[in-house]
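Only one structure is covered here, and it is reproduced in the block below.
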Amino acid sequence: MTRKDAMAYRAAIDLAAQSLDDTKAVEAQCLYPDFAVGVLYTAGDRVVYDGKLYKVLQAHTSQADWLPTAAPSLFAEVLPGQGGTGIGEWQQPGSTNPYQKGDKVTHNGKTWESTADNNVWEPGVYGWKEVA
C-alpha cells in the first residue's frame, strides 16, 4: 500500500467514525485516536484515554496538564447507553456527560430508560422508568 493509499484509507475510517452515535462509538473506540498533547481538538471530536472514550466539549489545543480525566470542562467520558440507541451498563455520570431522555441502561439486573434530560441520578432513585 502506498503512503497516498494509506492516507486515503485513514481518512475514510475517520469519516466513518464521525458518523457513529455515542453508543456505537463506545463499542468501536479502536477507530478513535489516543489523546495526545499539542493537538488542536474541536468540539465533538472523540479521543481515547486510559482505555475510555471521551468527547471534546470545547475547542482547545491539548496540554499535558489538561488530561481528559483532569479537565471536565474540556472532555466528557462517553458512557454506554448514551445517545438514545442501544442499552449500556449504567455508570455514574458527571455534570458534563449526563444521560438524556430516552437513554437506556441496565442496572441491578433491570433495564431503565431516562425520563429526563441531564440525568445524573442512579436508576431507581429519580428520573428513570423501568422497561422490559
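So here's what we get for this one:
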item	result
Candidate aspartates and glutamates - alpha carbon under 13 Å from LYS52, same-chain residues fewer than 8 apart omitted	ASP22, GLU27, ASP34, GLU77
1.4 Å probe accessible area per residue over the chain, in Å²	59
Cβ-placed point charges (K, R +1; D, E -1), dipole of segment 12-132 about Cα centre in debye, nearest 20	180
Cβ-based charge dipole, segment 1-110, positive-most Cα from GLN82, GLY51, SER62	GLN82
Of all accessible heavy-atom area on segment 1-117, the percent that carbon and sulfur account for (1.4 Å)	55
Label-reachable residues, segment 80-116, where backbone N falls under 20 Å from a point 7 Å from GLN58's Cα toward its Cβ	94-98
Between helix 3-18 and the chain: long-axis angle, C-alpha atoms, 0 to 90°, nearest 10	20
Expected-Rg normalisation [2.2 N^0.38 Å, Cα atoms] applied to the chain	1.17
Relative contact order of the chain, defined on C-alpha pairs under 8 angstrom at six or more residues apart (%)	15
At R0 = 41 Å, FRET efficiency that the Cβ-Cβ distance of GLU122 and LYS24 yields, to 0.05	0.95
Near-label residues of segment 66-87 by backbone N, under 14 Å of a point 7 Å along Cα→Cβ of VAL39	66-69, 75-76
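The values are calculated or read from the model by the stated rules, or taken from the named source; none is laboratory data. A quick note: this is a predicted structure, and the numbers were derived from the prediction, not measured. Neighbour counts run over all protein chains shown; Cβ positions are idealised from the backbone, glycine included. We work out accessible area using only protein heavy atoms, side chains counted, and drop any ligands, DNA or RNA first. Shrake-Rupley method; radii C 1.70, N 1.55, O 1.52, S 1.80 Å.
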